[in-house]
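Below is one structure, written out as C-alpha coordinates; the observations come after it.
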Amino acid sequence: MSSAQRDAGTATDDSDTRPSRAEIVSALDTAGRDNSAASVAFHSAVAARYDLGASETKTLDLLERHGALTAKELAEHSGLAPASVTGLVDRLERKGFVRRVKHPTDKRRVLVEARPAKLAEFAPLMADWAREVHELYEEFTDEELLVVLRFLTGASARQREATRRLTR
(Lines give C-alpha, C1' and ligand atoms only; values in the text may rest on other atoms or scores of the structure.)
Protein backbone atom coordinates (compact mmCIF):
# COMPACT_ATOMS: atom_id res chain seq x y z
CA MET A 1 0.00 0.00 0.00
CA SER A 2 1.42 3.40 -0.94
CA SER A 3 1.55 6.15 1.65
CA ALA A 4 -1.02 8.07 -0.40
CA GLN A 5 -3.43 5.14 -0.18
CA ARG A 6 -2.76 4.77 3.54
CA ASP A 7 -3.30 8.52 4.07
CA ALA A 8 -6.56 8.40 2.11
CA GLY A 9 -7.72 5.36 4.03
CA THR A 10 -7.86 3.20 0.90
CA ALA A 11 -7.37 -0.55 1.29
CA THR A 12 -5.47 -2.61 -1.26
CA ASP A 13 -6.72 -6.10 -0.53
CA ASP A 14 -10.07 -7.74 0.16
CA SER A 15 -9.26 -8.49 3.82
CA ASP A 16 -9.27 -4.77 4.69
CA THR A 17 -12.46 -2.80 5.06
CA ARG A 18 -12.72 -0.37 2.21
CA PRO A 19 -14.12 3.09 3.03
CA SER A 20 -17.40 4.05 1.38
CA ARG A 21 -17.45 6.41 -1.58
CA ALA A 22 -18.95 9.10 0.69
CA GLU A 23 -16.02 8.69 3.10
CA ILE A 24 -13.53 8.86 0.26
CA VAL A 25 -15.18 11.97 -1.21
CA SER A 26 -15.24 13.57 2.24
CA ALA A 27 -11.53 12.80 2.70
CA LEU A 28 -10.81 14.25 -0.76
CA ASP A 29 -12.77 17.41 0.12
CA THR A 30 -10.74 17.79 3.32
CA ALA A 31 -7.43 17.03 1.61
CA GLY A 32 -8.24 19.48 -1.20
CA ARG A 33 -9.02 22.24 1.28
CA ASP A 34 -5.84 21.45 3.21
CA ASN A 35 -3.80 21.49 -0.01
CA SER A 36 -5.35 24.81 -1.00
CA ALA A 37 -4.59 26.35 2.40
CA ALA A 38 -0.99 25.08 2.31
CA SER A 39 -0.54 26.41 -1.22
CA VAL A 40 -1.98 29.82 -0.38
CA ALA A 41 0.20 30.05 2.75
CA PHE A 42 3.36 29.08 0.84
CA HIS A 43 2.72 31.43 -2.07
CA SER A 44 1.74 34.24 0.31
CA ALA A 45 5.04 33.79 2.16
CA VAL A 46 6.97 33.90 -1.12
CA ALA A 47 4.98 36.93 -2.30
CA ALA A 48 5.57 38.77 0.99
CA ARG A 49 9.32 38.56 0.44
CA TYR A 50 8.87 40.72 -2.67
CA ASP A 51 5.95 42.90 -1.54
CA LEU A 52 3.64 41.11 -3.98
CA GLY A 53 0.09 39.84 -3.70
CA ALA A 54 -1.02 36.32 -4.52
CA SER A 55 -2.57 37.31 -7.87
CA GLU A 56 0.67 39.08 -8.79
CA THR A 57 2.79 35.99 -8.16
CA LYS A 58 0.33 33.78 -10.04
CA THR A 59 0.45 36.23 -12.98
CA LEU A 60 4.24 35.95 -12.99
CA ASP A 61 3.86 32.17 -12.99
CA LEU A 62 1.57 32.39 -16.03
CA LEU A 63 4.07 34.59 -17.86
CA GLU A 64 6.91 32.24 -16.99
CA ARG A 65 5.00 29.22 -18.29
CA HIS A 66 3.37 30.78 -21.37
CA GLY A 67 5.74 33.58 -22.32
CA ALA A 68 4.59 37.10 -23.12
CA LEU A 69 0.80 37.49 -23.17
CA THR A 70 -1.68 40.25 -23.87
CA ALA A 71 -3.79 41.55 -20.99
CA LYS A 72 -6.76 39.74 -22.55
CA GLU A 73 -4.84 36.46 -22.63
CA LEU A 74 -3.79 36.97 -19.00
CA ALA A 75 -7.45 37.46 -18.11
CA GLU A 76 -8.38 34.26 -19.97
CA HIS A 77 -5.62 32.18 -18.33
CA SER A 78 -6.21 33.54 -14.83
CA GLY A 79 -9.97 33.88 -14.86
CA LEU A 80 -9.65 37.48 -13.67
CA ALA A 81 -11.70 40.30 -15.17
CA PRO A 82 -9.80 42.32 -17.82
CA ALA A 83 -10.08 45.49 -15.72
CA SER A 84 -8.43 43.68 -12.80
CA VAL A 85 -5.61 42.51 -15.04
CA THR A 86 -4.81 46.07 -16.15
CA GLY A 87 -4.27 47.21 -12.56
CA LEU A 88 -2.33 44.05 -11.79
CA VAL A 89 0.04 44.62 -14.72
CA ASP A 90 0.46 48.28 -13.71
CA ARG A 91 1.56 47.18 -10.21
CA LEU A 92 3.94 44.52 -11.54
CA GLU A 93 5.45 47.01 -13.97
CA ARG A 94 6.00 49.60 -11.20
CA LYS A 95 7.74 46.92 -9.12
CA GLY A 96 10.01 45.96 -12.03
CA PHE A 97 8.69 42.43 -12.59
CA VAL A 98 7.16 42.94 -16.05
CA ARG A 99 7.29 45.31 -18.97
CA ARG A 100 4.90 46.12 -21.76
CA VAL A 101 6.20 45.60 -25.30
CA LYS A 102 4.70 45.96 -28.74
CA HIS A 103 3.44 42.77 -30.33
CA PRO A 104 5.95 41.63 -32.99
CA THR A 105 3.37 41.26 -35.78
CA ASP A 106 0.47 43.49 -34.71
CA LYS A 107 1.69 46.90 -33.57
CA ARG A 108 -1.77 47.73 -32.17
CA ARG A 109 -1.44 45.01 -29.54
CA VAL A 110 0.68 45.17 -26.41
CA LEU A 111 2.28 42.16 -24.75
CA VAL A 112 3.17 41.81 -21.11
CA GLU A 113 6.45 40.02 -20.58
CA ALA A 114 8.18 39.03 -17.38
CA ARG A 115 11.68 40.26 -16.66
CA PRO A 116 13.77 37.05 -16.42
CA ALA A 117 16.28 38.48 -13.94
CA LYS A 118 13.47 39.35 -11.53
CA LEU A 119 11.86 35.90 -11.94
CA ALA A 120 15.20 34.26 -11.21
CA GLU A 121 15.08 35.81 -7.73
CA PHE A 122 12.25 33.37 -6.88
CA ALA A 123 14.27 30.24 -7.72
CA PRO A 124 16.03 29.83 -4.37
CA LEU A 125 12.72 30.17 -2.52
CA MET A 126 11.14 27.41 -4.62
CA ALA A 127 14.05 24.97 -4.80
CA ASP A 128 13.43 23.04 -1.56
CA TRP A 129 9.71 22.76 -2.18
CA ALA A 130 10.24 21.58 -5.79
CA ARG A 131 12.76 18.96 -4.65
CA GLU A 132 10.37 17.66 -2.00
CA VAL A 133 7.49 17.41 -4.46
CA HIS A 134 9.67 15.46 -6.87
CA GLU A 135 10.57 13.13 -4.01
CA LEU A 136 6.85 12.63 -3.41
CA TYR A 137 6.35 11.69 -7.10
CA GLU A 138 8.72 8.77 -6.52
CA GLU A 139 6.21 7.23 -4.08
CA PHE A 140 3.70 6.71 -6.91
CA THR A 141 3.58 4.50 -9.98
CA ASP A 142 3.28 6.09 -13.42
CA GLU A 143 -0.36 4.96 -13.53
CA GLU A 144 -1.10 6.59 -10.18
CA LEU A 145 0.58 9.80 -11.31
CA LEU A 146 -1.58 9.83 -14.45
CA VAL A 147 -4.71 9.62 -12.25
CA VAL A 148 -3.42 12.46 -10.05
CA LEU A 149 -2.63 14.48 -13.18
CA ARG A 150 -6.12 13.90 -14.58
CA PHE A 151 -7.69 14.95 -11.28
CA LEU A 152 -5.57 18.09 -10.87
CA THR A 153 -6.15 19.15 -14.48
CA GLY A 154 -9.90 18.72 -14.11
CA ALA A 155 -9.99 20.46 -10.72
CA SER A 156 -7.96 23.40 -12.07
CA ALA A 157 -10.25 23.83 -15.08
CA ARG A 158 -13.31 23.84 -12.84
CA GLN A 159 -11.73 26.31 -10.43
CA ARG A 160 -10.81 28.68 -13.29
CA GLU A 161 -14.43 28.53 -14.45
CA ALA A 162 -15.65 29.25 -10.90
CA THR A 163 -13.28 32.23 -10.80
CA ARG A 164 -14.66 33.51 -14.12
CA ARG A 165 -18.19 33.31 -12.74
CA LEU A 166 -17.18 35.28 -9.65
CA THR A 167 -15.33 38.00 -11.58
CA ARG A 168 -17.85 38.68 -14.35
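Remark on region 75-156: hydrodynamic radius 16.2 angstrom, per the Kirkwood mean of 1/r across alpha carbon pairs.
With an 8 Å Cα cut-off and a minimum separation of 6 or more residues, compute the relative contact order for the chain in percent. Could you put the intermediate results ahead of the total?
On the way: 117 pairs, mean separation 31.0, N = 168.
Computed value for the chain: 18 percent relative contact order.
Of the GluC sites (Glu not before Pro) found in region 117-160, those that fall in a DSSP loop while having at most 12 other beta-carbon atoms within 10 Å are GLU121, GLU138, GLU139. Residues of region 119-155 with an amide N closer than 12 Å to a point placed 7 Å from the Cα of ASN35 along the Cα-to-Cβ direction: 145-155.
Between region 136-156 and region 31-102, the alpha-carbon centres lie 25 Å apart. Surface composition of region 68-168: carbon and sulfur make up 58 percent of the accessible area, probe 1.4 Å.
Stretching LYS118 away from PHE151 to a fully extended chain increases their span by 8.7 nm, per 0.36 nm per residue minus the current alpha-carbon distance. For region 94-102, backbone phi angles converted through the Karplus equation (6.51, -1.76, 1.60; θ = phi - 60°) give residue-by-residue couplings of 4, 7, x, 8, 9, 9, 9, 9, 5 Hz, Gly and Pro being listed as x. Note that the chain presents 70 Å² accessible area per residue, ligands and nucleic acids not counted, probe 1.4 Å. Each Lys or Arg adds one and each Asp or Glu takes one away; over the other residues whose Cβ falls under 10 Å from the Cβ of GLU76, this sums to +2.
Between rounded, prolate and oblate, where does the chain land on the alpha carbon gyration tensor, with a ≥ b ≥ c its root eigenvalues, rounded for a/c under 1.5, else prolate if a/b exceeds b/c? Note, shape of the chain comes out prolate. If the label point is 7 Å along Cα→Cβ of ALA45, which residues in region 61-86 have backbone nitrogen under 20 Å from it? It comes to 61, nothing else.
The values are calculated or read from the model by the stated rules, or taken from the named source; none is laboratory data. For clarity, every value in this text was computed on a predicted model and none was experimentally measured. Methodologically, a virtual Cβ is constructed for each residue, glycine included, from the backbone with ideal geometry; neighbour enumeration extends over all protein chains shown. Side chains included, ligands, DNA and RNA excluded: accessible areas come from the protein's heavy atoms. Shrake-Rupley method; radii C 1.70, N 1.55, O 1.52, S 1.80 Å.
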